[in-house]
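Data block below; observations after.
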2 protein chains.
Amino acid sequence: MTTLLHFEEDLDRATAIALAAKLRPAVMHRHRFPDGEVKLRLPTILDPQVVLLRSLDHPNEKLLELMLVAQAAREFGAQHLTLVAPYLAYMRQDMAFSPGEVVSQRVVGKFLGDLFDAVITVDPHLHRVSTLAAAVPARQAIALSAAPLLSDLIAAHHSQPLLLGPDEESIQWVAQAAVRHGFDYGVCKKTRHGDRDVDIALPPIAVVGRAVVLIDDVASSGHTLARAASLLGAAGASTVDVAVTHALFADNAMEILKHAGVGKVWSTDCIPHSSNAVSMAPLIAESLMALFSQEKEL
Amino acid sequence: MTTLLHFEEDLDRATAIALAAKLRPAVMHRHRFPDGEVKLRLPTILDPQVVLLRSLDHPNEKLLELMLVAQAAREFGAQHLTLVAPYLAYMRQDMAFSPGEVVSQRVVGKFLGDLFDAVITVDPHLHRVSTLAAAVPARQAIALSAAPLLSDLIAAHHSQPLLLGPDEESIQWVAQAAVRHGFDYGVCKKTRHGDRDVDIALPPIAVVGRAVVLIDDVASSGHTLARAASLLGAAGASTVDVAVTHALFADNAMEILKHAGVGKVWSTDCIPHSSNAVSMAPLIAESLMALFSQEKEL
């Protein structure tokens with residue numbers, strides 16, 4: 001057997017993964033002291049193979065907790081530790097954009113690689129680094145993609161949609177979603193002036209009267225998607241929906257999207273959010289089963 | 001020369017230490033993204049010897065930042081890294097009080113010991129481990145004490161005060177403060193039922209008409225000190241003041257103390273707070289100079 005460790009707030013997702021992959025779910029307890037420190041309690045009986053489920057949106061405190069949990073789990077008998085982080089943090093900071101900047105991807109990636117034997121995530125934001133293993137040097141670093149599942153969802157709502165990525169980096173997800181059902185696709189050109197200040201240029205594709213779905217790996221402030229949606233509306237698109245893997249949606253991002261004329265907003269449950277429409281549990285479970293059968297063979 | 005790295009919010013304390021120890025202060029910049037991630041920027045030119053000033057109250061995010069800074073500083077040329085953490089977090093979680101609890105002191109201590117060549121702190125809350133080196137396995141682990149400075153402050157206000165610790169663990173700080181000026185001292189007996197629910201028994205020392213100063217290393221919720229102050233007031237003490245090294249003072253702790261009849265509240269600047277009355281800069285600077293002259297000899 002394999003133990004699946006999770007916190008109480010992840011009960012639903014943990015149960016779905018545990019059922020699908022035949023893992024033994026076990027809850028961890030957190031106590032917060034008045035001074036901001038946390039005290040964690042794990043089950044004392046662990047299987048030799050342990051999976052930890054923890055999505056890393058708003059990651060800073062969670063990364064510290066991961067370290068506490070991983071080291072305690074080893075003490076309590078875990079011989080093989082897998083992190084399932086449906087959303088993986090700090091992958092976007094993959095170079096120093098000005099001198100002196102800390103390349104957080106490298107530091108956080110090494111930190112996770114040192115703590116865990118295997119790391120499984122969904123659509124990590126890899127741009128200048130081509131594989132997850134280059135960013136997270138765990139023995140096994142597995143990147144799943146939600147693009148096919150988002151494509152299926154879109155196919156259930158539109159017969160001939162145009163899939164558009166808001167910037168050139170999104171081509172990897174857009175193309176993957178489009179080919180599955182033979183949808184038209186393209187990407188916009190983005191110029192970023194600040195966290196909430198971006199310029200977008202639409203691709204030279206006719207959008208008049210078409211159902212357009214904006215696709216991306218992650219939506220954070222929502223400003224990029226909103227800018228694209230406004231331009232699409234002005235260009236005559238009949239509907240503009242949004243489908244993303246990771247629903248970070250900081251601050252009033254959802255309002256900004258609605259205000260820009262976005263209709264539906266769909267996301268996976270990698271990050272819990274009201275827009276969640278796709279469960280990643282089956283795909284994560286499948287990946288875990290493949291990992292463990294492979295480990296058994298070694 | 002030695003570089004002293006600090007964030008903007010620590011400018012005053014960094015300047016005082018830099019002046020006293022003849023270090024070259026250099027500010028680090030932090031940008032917070034809408035999704036909660038931080039981006040850090042360091043000066044690109046560092047001396048081979050680098051000191052990082054960072055007090056670790058509300059530690060979870062700060063510990064992640066320490067890792068980012070320490071690893072980047074090494075890349076930018078630091079050959080010897082010293083952490084000056086006037087308040088050191090997670091020292092109180094030094095054993096599993098119930099099965100499965102993570103012994104955070106050990107994990108966080110090892111984390112800091114791996115990142116830094118030397119760690120300097122003030123009055124770490126060591127209880128079941130006797131030395132800082134046992135908790136923080138850095139090559140040099142130096143614990144300074146604020147007790148003599150707090151004692152001098154008390155001596156400037158009271159001629160024959162009674163120094164009392166709120167529990168048996170505080171004996172190490174109370175005794176040290178008392179012997180410096182020949183003050184009477186003792187400790188209370190504490191029974192803890194929860195974070196904010198404690199029972200206190202006063203020691204068998206006459207307090208009628210006396211100026212009592214409650215001394216401790218750290219004040220968090222304030223409930224323990226408040227309970228002791230109420231009992232002392234009821235037992236006839238003429239005044240009850242409070243002197244602590246670390247002013248965590250969570251939530252409405254100061255109000256709770258005032259409500260319990262506490263007069264003055266004094267603290268060191270290990271944690272910035274309105275009660276700060278003692279600067280630790282001279283002692284920290286002295287310790288840094290001793291450390292570096294010792295390193296030079298090696």
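If we sort B:136-146, B:232-242 on the protection proxy, mean other Cβ atoms within 10 Å, highest first, what's the order?
Going by the mean number of other Cβ atoms within 10 Å, highest first, we get B:136-146, B:232-242.
Give me the percent of accessible area attributable to carbon and sulfur for region B:147-278, probe 1.4 angstrom.
On the way: 2780 of 5360 Å².
So the carbon and sulfur contribution to the accessible surface is 52 percent.
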Taking the alpha-carbon centre of each part, the distance from region A:235-298 to region B:212-243 in Å is 54
Could you please report the charge total around B:PHE183, scoring K, R as +1 and D, E as -1 over all other residues with beta-carbon less than 15 angstrom from its beta-carbon?
-> -1
If you wrap a convex hull around the Cα atoms of region B:147-278, how much volume per residue is inside, in Å³?
-> 90
R0 = 41 Å: FRET efficiency of A:PHE33 with B:GLU8, Cβ-based, nearest 0.05?
-> 0.90
Distance in nm between pseudo-label sites at A:SER159 and A:HIS181 (7 Å out along the Cβ direction from Cα) | 1.3
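Any idea of the total accessible area buried by the B-A contact, 1.4 Å probe, rounded to 100 Å²? Intermediate values should be presented prior to the final figure.
Numbers: alone 13760 and 13740 Å², together 23460 Å².
Using a 1.4 Å probe, the pair buries roughly 4000 Å².
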Charged-residue dipole, Cβ positions (Lys, Arg, Asp, Glu), chain A about Cα centre, Debye nearest 20 = 160
Jot down the per residue volume, in cubic angstrom and as a whole number, of the convex hull over the alpha-carbon atoms of the protein assembly as shown.
-> 162
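Please report Rg over Rh for chain B, where both radii come from the alpha carbon positions and Rh follows the Kirkwood definition. Write down the numbers at each step before the final one.
Values: Rg = 20.0 Å, Rh = 20.2 Å.
Rounded to two decimals, Rg over Rh is 0.99.
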Once label points are set 7 Å from the Cα along Cα→Cβ at both A:GLU286 and B:VAL208, what is their separation, rounded to one decimal in nm?
-> 8.3
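If you place +1 on the Cβ of every Lys and Arg and -1 on the Cβ of every Asp and Glu, how big does the dipole about the Cα centre of region B:196-262 come out, in debye to the nearest 20? Intermediate results must be reported in sequence, preceding the final value.
Details: 4 positive and 7 negative charges, 43 e Å.
In debye, rounded to 20, region B:196-262 gives about 200.
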Please give, to one decimal in nm, the separation of the simple spin-label points placed at B:THR44 and B:ALA201, each 7 Å out from Cα toward the Cβ.
-> 6.6
Within a Gaussian network of chain B (alpha carbon springs, distance under 10 Å), most fluctuating of B:ASP47, B:ASP217, B:ASP199 = B:ASP199
Rounded to the nearest 0.05, what FRET efficiency is calculated for A:ILE171 and B:GLU255 with R0 set to 60 Å and r the Cβ-Cβ distance?
-> 0.55
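Tally the DSSP beta bridges in the protein assembly as shown and give the antiparallel ones as a percent, rounded to 5.
Numbers: 20 of 106 bridges.
Around 20 percent of the beta bridges assigned by DSSP in the protein assembly as shown are antiparallel ones.
Explain nothing, just the number: relative contact order of chain A, from Cα pairs under 8 Å at least 6 residues apart, as a whole percent. Don't skip to the answer; put the middle values down first.
Numbers: 605 pairs, mean separation 38.0, N = 298.
So the answer I get is 13 percent.
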Which cross-chain or sequence-distant (5 or more) residues have an amide H under 5 Å from the amide H of B:VAL119, H modelled 1.01 Å from N in plane?
-> B:LEU83, B:GLN140, B:ALA141, B:ILE142
Region B:171-298: antiparallel DSSP beta bridges as a percent of all, rounded to 5 = 30
Dipole of chain A (Lys/Arg Cβ +1, Asp/Glu Cβ -1, origin at the Cα centre): which of A:THR191, A:VAL122, A:LEU112 lies farthest to the positive side?
-> A:VAL122
Which residue fluctuates the most in chain A, going by a Gaussian network model with Cα springs under 10 Å, if the choices are A:GLY209, A:GLY261, A:GLY113?
-> A:GLY209
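For chain A, what does the accessible surface come to per residue with a 1.4 Å probe? Please give it in Å². Please list the in-between numbers first.
On the way: 11720 Å² over 298 residues.
Spelled out: the 1.4 Å probe surface of chain A, per residue, equals 39 Å².
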Taking the label point 7 Å from Cα in the Cβ direction, how far apart in nm is B:PRO99 from each other copy of itself, listed shortest first?
-> 5.9
Please check which bits of region B:7-39 a label hung off B:ASN276 would reach, taking the label as a point 7 Å along Cα-to-C-beta and the cut-off as backbone N under 11 Å.
-> B:9-17
To the nearest 500 deg cm²/dmol, what mean residue ellipticity at 222 nm is calculated for the protein assembly as shown from DSSP H runs of n ≥ 4 alone, each contributing -39,500 (n - 2.57), summed and divided by the residues?
-> -10500 deg cm²/dmol
Cβ-based charge dipole, the protein assembly as shown, positive-most Cα from A:ASN60, B:SER159, A:VAL84 = A:VAL84
Choice from A:VAL69, A:VAL102, A:VAL119 with maximal GNM fluctuation in chain A (Cα, 10 Å cutoff) = A:VAL102
Dipole magnitude of region B:147-278, debye to nearest 20 (Cβ charges: Lys/Arg +1, Asp/Glu -1, about Cα centre) | 300
What list of ³J(HN,Hα) couplings, whole Hz, do you get for region A:9-20 from phi and the Karplus terms 6.51, -1.76, 1.60, once you set θ to phi - 60° and write x for glycine and proline?
-> 5, 9, 3, 4, 5, 5, 4, 5, 5, 4, 5, 6
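Using just the alpha carbons, could you tell me how many Å³ per residue the convex hull of region A:1-100 encloses?
Numbers: hull volume 13.0 nm³, N = 100.
Cα-based convex hull of region A:1-100, divided per residue, equals 130 Å³.
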Against the longest alpha carbon principal axis of chain A, how many degrees, from 0 to 90 and to the nearest 10, is the axis of helix A:281-297 turned?
-> 50
Taking Cα pairs closer than 8 Å and at least 6 residues apart, the relative contact order of region A:147-278 in percent is 22
Using alpha-carbon coordinates, inclination of helix B:171-181 to the longest axis of chain B, degrees | 80
In this structure, the FRET efficiency calculated for A:ARG74 and B:HIS58 from their beta-carbon separation, with R0 = 22 Å, to the nearest 0.05, is 0.20
To the nearest 10 degrees, how steeply does helix B:147-157 sit against the main Cα axis of chain B, on a 0 to 90 scale?
-> 50
Alpha-carbon centroid distance for the pair region B:127-153 / region A:180-204, whole angstrom | 56
Please check which bits of region B:67-102 a label hung off B:HIS127 would reach, taking the label as a point 7 Å along Cα-to-C-beta and the cut-off as backbone N under 19 Å.
-> B:87-102
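The values are calculated or read from the model by the stated rules, or taken from the named source; none is laboratory data. All figures in this text were calculated on a predicted structure; none of them were measured in a lab. Note that we place each Cβ from the backbone using ideal geometry, even for glycine, and neighbour counts take in every protein chain shown. Side chains are part of the model used for accessible areas, which takes the heavy atoms of the whole protein and leaves out ligands, DNA and RNA. Shrake-Rupley method; radii C 1.70, N 1.55, O 1.52, S 1.80 Å.
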